[in-house]
1. Taking strands (runs of 3 or more DSSP E) that do not extend beyond region 57-172, which have at least 1 residues that are among the polar types (S, T, N, Q), at pLDDT below 90 and closer than 24 Å to Thr190 by Cα?
2. Working only within region 18-50, note down all residues that are of a type in the set (Val, Ile, Thr) and open to solvent by 70 Å² or more (accessible area, probe 1.4 Å).
Amino acid sequence: MPATSLARSIGVKYLGAGVSYARALAVQQHLVQQRVAAAAEAKAASRPLVGPPDVLLLLQHAPTFTAGRRIRGSDDTEGERLRGLGAEYFETMRGGQTTFHGPGQLLGARTYVERLEQFLIETCLQYDISAGTTKDTGVWVADRKIAALGIHISRHITSHGFALNCNTDLSWFDHIVPCGLPDKKVTSITHELASRRPLAGSASPTDVTVDSALPVAVKAFGALFGADMVPLDRICARTDREIEALLDSEASGGSGPAQPLRTQAPDSEASAAAAAT
């Protein structure tokens, strides 16, 4: 349903391009820890959980392959092969099998699979692309996957999320069996538009970048979840600063896996969540 002035607010934070998987994971873990701490405080005080807003994180990874829970334990074999291509490789706690994340792909972390799929379908529709769902998870244009999903749920809090191919270099997917489906293909918004024969007098298909797709996707997300989408720094300035600190740590050359910030007692400004039910 459309968002109204009475709708709840969701904080939106775009982390930028080239974000390492480890750093993005640390940001998510920090937000999840904040929600867990807020819930524990509310339970100890015998009061309802009030205050922590949901947060929609959006970003582009550096070239990265991730393996879901179904194929964990392949770091020394598949991981070594894919790292040899110049990409990172991580085993994760999300659902699914192996997929690719990289430039030209819009990633986000939020909530239930069916509603995520519908939001992605609505986003594609804004580009006159008829997408839908099948028995296989994700969003499809015929037999071509345009968006992948992988969700992790713990203590009623969701993290990880979706990956929408905007102008992704699809050749990266040639090195894996995307999501374990050998008879399926992968596509992007830009690829779908470019594959159409232009009508006489019409403009040539444009390159749909993540930057241009962001406002379209955020608007569709808010409509599907009945929420006002507001920049995170306007809802929760302290959490916004903490996220920036994590990102700055990577930019300044911090070595080793990113560590989540120590969770502080939540207050009306600092509380946030990667996603909540």
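1. Qualifying strands (runs of 3 or more DSSP E): 64-67, 98-101, 105-109.
2. Residues of region 18-50 of a type in the set (Val, Ile, Thr): 19, 27, 32, 36, 50.
Answer for region 18-50, where residues must be of a type in the set (Val, Ile, Thr) and open to solvent by 70 Å² or more (accessible area, probe 1.4 Å): just Val50.
The values are calculated or read from the model by the stated rules, or taken from the named source; none is laboratory data. Bear in mind the structure is a predicted one, so any value in this text is a computation, not a measurement. When the accessible area is computed, the model is the full protein with side chains, heavy atoms only, and any ligands, DNA or RNA have been set aside. Shrake-Rupley method; radii C 1.70, N 1.55, O 1.52, S 1.80 Å.
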